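Asks: There's a structure below that I have some questions on.
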Amino acid sequence: MRHVIIGNSAAGIFAAEEIRRLKPEDKIIILSDEKEPAYSRCLTSYYIAGKVEEENMRIRTKNFYHDLNIEFYPGEKVMEADVSKMFLKTSSGKVIDYDRLLVASGARAVQPDLDGGEGTGVFTLRTLSDARGIVERCKKTDRAVVAGGGLVSLKATYGLMARGLKVTVVIASGQILSQVLDDKAAGLIQKHLEKHHVEFIFGHEVMQVILDEEHSCQGVKLDDGTELSCGLVVIGKGVIPNTDFLNKDEVEIGQGIKVDQNLKTSADGVYAAGDVAESFDFFNAKSALYAIWPNATAQGQIAGSNMAGEKMVYEGALSMNSMNFFGLNAICAGESRARGSGFDISFEYDPQNNYYRKFVFHQELLAGYILVGNVARAGILTGMIGQKISPPDCAALLKNGVASLGI
């Protein structure tokens, strides 16, 4: 049996390990459009900050591919997948056939159509190569602009600040981290970042990168005409799943590649996992993209098992995010923003001490939470999502956390 995996990050690596465990003699091929051995994308901002070296970003040893008898093709981008004839065409002209295919191709950073966006010194932050470029550019400037207020943008901001740059963050909305946190939690983090000299501009967008005669970034212009001087721009406008090589008439694609509970796609012998897969929510069964590391590893392992002949079921994804900015921790999971009807909310809020604890319930079931400041035992809380919690237990959770429940 020939197993081909498109993608060399969390989902692809965990799938390969599971296939090899179950099928010692089967052939495994991994194709990656990046030239790197497997590494953690979660650490790119820490690499920019100078807190971690490249070798410590690797998620497997140098001998991983050899030890597991995996054919690894770095820098080999898949250009076309013919799922009816079960073969792939790559950027170098290779034609690779398969018996089982896992699409774990991840996602790429959105590239806005920005005047001057192609200039030197303009980056997104998705890959190790992006991070290397940003580090080199930091040596040539002391000012940066970050466009976007999401988690990747703020992690990039942290990395740039740690490098000694002055950073201005331009956000179209009125709140940082609006996709993952409510206004109270976001407000605490914003004020904490401002105390560390991060400047925020809300309600505006970067419309142009100002370039010099050598096509190098000298600043940006906002939608109201304001010009900001900088030598480096990081654009954080989200990601889009890598599905361009697939025929939508052969593989069902919505926001991402649609999969069932076995991580199978609509095409025979084809599975999908990780940031490219549109799976369903553990709590509410809604279909969506859940582009976070824990979901990718779980999906990869289950997809790999099923490619090897098992019948494992994926129980659903859960939205989770954790962050630390200059010593302030925050974690959220599940229906943390409680958007929609039918939710009950309990919270404690102490802005003077950077403390916030919020629990969201749906029909007495824990549906999600946000913790800012004290995030002890958050993993246990995540495991409790979907469980029934009584009002007295809820009060105890707010006051003392999960320790109050004897856990």
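The values are calculated or read from the model by the stated rules, or taken from the named source; none is laboratory data. Bear in mind that the values here come from a model prediction, so they are computed numbers and not experimental data. Ideal geometry is used to build each Cβ from the backbone, glycine not excepted, and the neighbour counts take in all protein chains shown.
Asks: Keeping to region 270-324, report how many residues are of a type in the set (A, V, I, L, M, F, W, C), in a strand (DSSP E or B) and touching a helix residue (DSSP H, G or I) at 6+ places or on another chain (Cβ under 8 Å). Don't jump to the end; show me each part of the working.
Replies: Taking region 270-324 and keeping what is of a type in the set (A, V, I, L, M, F, W, C), we get 270, 272-273, 276-277, 280, 282-283, 285, 288-289, 291-293, 296, 298, 302-303, 307-308, 312-313, 317-318, 320, 323.
Then drop every residue that is not in a strand (DSSP E or B), which leaves 270, 272, 277, 280, 288-289, 317, 320, 323.
Right, trim to touching a helix residue (DSSP H, G or I) at 6+ places or on another chain (Cβ under 8 Å) and you get 272, 277, 289, 317, 320, 323.
Within region 270-324, residues that are of a type in the set (A, V, I, L, M, F, W, C), in a strand (DSSP E or B) and touching a helix residue (DSSP H, G or I) at 6+ places or on another chain (Cβ under 8 Å) number 6.
Asks: List, please: which pairs have Cβ atoms under 6 Å, are six or more places apart or on different chains, and start with a residue in region 272-288 that is more than 11 Å from E315 (Cβ to Cβ) and end with one that is among the acidic types (D, E)?
Replies: Going by the 6 Å Cβ cut-off, the qualifying pairs are S287/E278.
Asks: In region 192-218, which residues are out of contact with any helix residue (DSSP H, G or I) (no Cβ under 9 Å at 6 or more places or on another chain) and part of a strand (DSSP E or B)? If you could, list the steps in order and put the result at the bottom.
Replies: Residues of region 192-218 out of contact with any helix residue (DSSP H, G or I) (no Cβ under 9 Å at 6 or more places or on another chain): 192, 194-195, 199, 201-216, 218.
Answer for region 192-218, where residues must be out of contact with any helix residue (DSSP H, G or I) (no Cβ under 9 Å at 6 or more places or on another chain) and part of a strand (DSSP E or B): E199, I201, F202, V206, M207, Q208, V209, I210, L211, S216, Q218.
Asks: Shifting gears a bit: Which of the following residues is assigned to a helix (DSSP H, G or I), over 21 Å from the mean Cα position of the chain (by Cα) and among the charged types (D, E, K, R): E118, E136?
Replies: Numbers: E118 fails: assigned to a helix (DSSP H, G or I).
Sole residue among the options that is assigned to a helix (DSSP H, G or I), over 21 Å from the mean Cα position of the chain (by Cα) and among the charged types (D, E, K, R): E136.
Asks: Specify the residue that is farthest from I201 (Cα to Cα); the eligible residues are those in region 139-163 that are over 17 Å from the mean Cα position of the chain (by Cα) and buried (at least 24 other Cβ atoms within 10 Å of the Cβ).
Replies: Pass one, region 139-163, residues over 17 Å from the mean Cα position of the chain (by Cα): 139-147, 160-163.
Still in the list and also buried (at least 24 other Cβ atoms within 10 Å of the Cβ): 144-147, 160.
Numbers: A144: 13, V145: 10, V146: 10, A147: 10, L160: 17 Å.
Selected residue: L160.
Asks: Something else now. Kindly establish whether I189 is outside the structural domain of Y369 (by TED's automatic domain parsing) and either in contact with a Lys or Arg (Cβ under 9 Å, 6 or more places away or on another chain) or not in a helix (DSSP H, G or I) (or both).
Replies: Values: outside the structural domain of Y369 (by TED's automatic domain parsing): yes; either in contact with a Lys or Arg (Cβ under 9 Å, 6 or more places away or on another chain) or not in a helix (DSSP H, G or I) (or both): no.
No; evaluated as a whole, the condition is false for this residue.
Asks: While we're looking at this one, here's another question. Name the residues in region 55-94 that are surrounded by 13 or more Cβ atoms within 10 Å (Cβ to Cβ) and either β-branched (V, I, T) or not assigned by TED's automatic domain parsing to the domain that holds D249 (or both), would you?
Replies: I59, I70, V78, V83, T90, listed by residue number.
Asks: Let me ask another. One residue is enough: does region 300-307 have a residue meeting the conditions crowded, with 18+ Cβ neighbours inside 10 Å, more than 21 Å from K85 (Cα to Cα) and under 19 Å from the mean Cα position of the chain (by Cα)?
Replies: Within region 300-307, one or more residues are crowded, with 18+ Cβ neighbours inside 10 Å, more than 21 Å from K85 (Cα to Cα) and under 19 Å from the mean Cα position of the chain (by Cα).
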